[in-house]
Amino acid sequence: MRSFRGSWSAAGLVAGFAGLAASYFVAMVLTTRDSPVAAVAELVTRLTPGPLVERAIRILGHHDKQFLLLMILVITGLLFAWAGRLARRSWWAPAIVFAVLGVVGGTAVSLQRGSGAIDILPIAVGFATWLVCLSLLTDPLRRHERALAEGPDPEAAPEAPHPADHTRRTFLIRAGIIVASTTVVGTVGRVVGRGRRHVEEARRLLRLPGVTEPQLPDGVRVGLDGVTPWATPAGDFYRIDTAFVVPTIEPSDWQLRIHGMVDREVVLTYQQLIDRQVTEGWITLNCVSNPVGGDLIGNAWWSGVRIADLLELAGVQPGADAVLQTSDDGWTCGTPLEALTDDRNAMLAIAMNGRPLPIDHGFPVRTIVPGLYGYVSACKWVVEMKVTRFADISAYWTDRGWGERGPVKMASRIDVPEDGGDIPASGGRVGGVAWSQHTGISAVEVAVDGGAWQRAEIGGVPNVDTWVQWAATIDSEPGHHRLAVRAIDRNGVVQTSTVQDVLPDGATGHDMISFNAQEATDG
Ligand SMILES: Nc1nc2c(c(=O)[nH]1)N[C@H]1C(S)=C(S)[C@@H](COP(=O)(O)O)O[C@H]1N2
Ligand SMILES: [Mo]
């Protein structure tokens, strides 16, 4: 076989469309936006003079959008093929072609309304896929040309295959695998994307009677710039789960089954759930994997239905001490029964910050239990609750060595200044947050260079289930120092300085930073 320009163009085309499929897949799975190609089409439409667009619509009818997409695909296809041919001479020339296309896509995506950092991810994944696939394909082509130039091995038997046959086969196999994967990835992206967009639409149109807007309680803020906002917007709320493809559940398809050690099994539809009395509250949720000083924690206004009432409806039988919750995606957690039946506000949450739960945070229904880490309680996309005994069950994280009950440990964090930051030597302000959900914080103290603990001011809280903001004024000699923080809960227990890792049941130890105290300068 001779090597002709066709195979280099084909390599460029195959790699190019593999990259587009990868970016489409990521956009469909992780965002509710259209693909980057569609974003480019939108941008082109926006930049095209109005009369021209009108004429195009008149000529093409309502196929104008498909026509534009097709044009963009044809043009990018030609550029892909060209990039493939460029790869014959240099590795960087095709990379530049792909990079330019990536920048065009990235610009189009960033100009969309309300776009964020996550919307760039599809482009990055697409770009990486291009480079990897192109090198997988051009590598055998390059070896093929070398083999042709060198001719058959003079030592080899006359009937031995020409080395060029081997490189040709490698090229064809790799191209076949990439084309097949591209088809699969594109198809899966399409299916997942449809489901996600459909549920997002249902979510947007939902009206939840009894769910109120969050009102920031009085006095929660200590008024120091840089301290984490007391109320966490849903978009900034940390996200932890094992789901690669997030469950997308239409509210009309959702059901919860409460069974196990109960007098009567209860099955609730979404409508039956939201028709019940709504309970609401500020609750701080955090992850057991949050290291000392970490930010896997957020505080939101949750609305839902009290789990205690539902369990009463089912009639819990004596001897039970756990509820095994199961998510639509099969994830499980074992929750202490007591935390679901005592007077705390354990709820099946339907809304976060006054809006239906975001899909990533468990839409349409998730569990929230004040005072417990998320991994034993905060089941997202919850569909099943089995009343049982800890002795009889195991759950996703407890199977992997994490603690059984998961009560939140008291902790405090320094937000201001950041580690290594500057503050004035005299009257320097420091601050952060502290939490001990369902017990509450009574005081926060700071110490400089291991010296005496000094009381900080703390913000007010509406209940014992949220974190508090704290701030303190410290005076220190100019130069480098260490600052430590500790909290004291409402039972008078002082936060331990004993350092413990997050595994198996939550980190302990004092958060500490270094800072530079600066002498005041005039002017
Ligand atoms: N279905 C499901 N629910 C889950 C998890 C999960 O992996 N799958 N992770 C849990 C963990 S470990 C935490 S800390 C919280 C995080 O909730 P968030 O993502 O809404 O912040 O969800 C919990 N609920
Ligand atoms: Mo977690």
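Each residue of region 209-220 is assigned a 3J(HN,Hα), and the resulting list reads x, x, 8, 10, 6, x, 10, 4, x, 5, x, 6 Hz, derived from the Karplus form 6.51 cos²θ - 1.76 cosθ + 1.60 (θ = phi - 60°), x at Gly and Pro. Peptides 280-291, 202-213 ordered by packing proxy, namely the average of other Cβ atoms within 10 Å per residue, highest first: 280-291, 202-213. Database remark: amide H of ALA443 closer than 5 angstrom to the amide H of ILE488 (H placed geometrically; neighbours at sequence offset of 5 or more, or on other chains; Pro and chain starts carry no H).
Restriction of the chymotrypsin sites (Phe, Trp or Tyr not before Pro) in region 210-259 to DSSP coil positions whose beta-carbon has at most 11 other beta-carbons within 10 angstrom yields PHE244. Heavy-atom accessible surface of VAL448, to the nearest 10 Å², is about 40 Å², with a 1.4 Å probe and all protein chains retained. Put simply, the amide H of GLN500, placed in the peptide plane, has neighbours under 5 Å in THR508, GLY509, leaving out anything fewer than 5 places away on its chain. The residues GLU155, GLU265, GLU145, sorted by heavy-atom accessible surface at 1.4 Å with ligands and nucleic acids left out, run GLU155, GLU265, GLU145 from largest to smallest. In a reduced charge model with +1 at each Lys and Arg Cβ and -1 at each Asp and Glu Cβ, the chain shows a dipole moment near 2460 debye about its Cα centre. In whole angstrom, note down how far apart the Cα centers of region 473-523 and region 339-354 are. Answer, in whole Å: 32. Counting only heavy atoms of the protein chains and using a 1.4 Å probe, THR521 has close to 120 Å² of accessible surface.
Could you work out how far helix 36-47 tilts from the main Cα principal axis of the chain, as a 0 to 90 degree angle to the nearest 10? The answer is roughly 80 degrees.
Less than 5 angstrom separates the built amide H of TRP467 from those of THR284, all sequence-distant by 5 or more or on a different chain. Kirkwood radius and radius of gyration were both taken over the C-alpha atoms of the chain, and their ratio Rg/Rh is 1.08. Highest average first, the peptides 486-493, 322-329 ordered by how many other beta carbon atoms sit within 10 Å of their residues are 322-329, 486-493. Counting only Cβ charges, +1 for Lys and Arg and -1 for Asp and Glu, the dipole size of region 380-457 around its Cα centre is about 420 debye. Taking all protein chains together, ILE513, ILE75 sort by accessible area into ILE75, ILE513, largest first [probe 1.4 Å]. Taking label positions 7 Å along the Cα-Cβ direction at both THR107 and SER181, the computed distance is 3.1 nm, reported to one decimal. Among ALA149, GLY176, VAL191, whose Cα lies farthest out toward the positive end of the dipole of region 6-194, if unit charges sit on the beta carbon of Lys, Arg (+1) and Asp, Glu (-1)? The Cα lying farthest towards the positive end belongs to VAL191. For the chain, take the longest principal axis of its alpha carbons; what is the angle in degrees between that and the long axis of helix 92-110, to the nearest 10 within 0 to 90? Here the helix axis deviates by roughly 50 degrees.
In terms of packing, defined here as the mean over residues of other Cβ atoms within 10 angstrom, the peptides 457-464, 346-353 line up highest first as 346-353, 457-464. Note on VAL191 and ASP236: the extension gain reaches 13.4 nm, defined as 0.36 nm multiplied by sequence separation minus the Cα-Cα distance. Helix 64-86 and the long axis of the chain differ in direction by around 70°, with both axes built from C-alpha atoms.
The values are calculated or read from the model by the stated rules, or taken from the named source; none is laboratory data. This is a predicted model, so every value here is computed, not measured. All Cβ positions, glycine included, derive from the backbone under ideal geometry; neighbour counts span all protein chains shown. Just the protein is used for accessible areas: all its heavy atoms, side chains included, with ligands, DNA and RNA removed. Shrake-Rupley method; radii C 1.70, N 1.55, O 1.52, S 1.80 Å.
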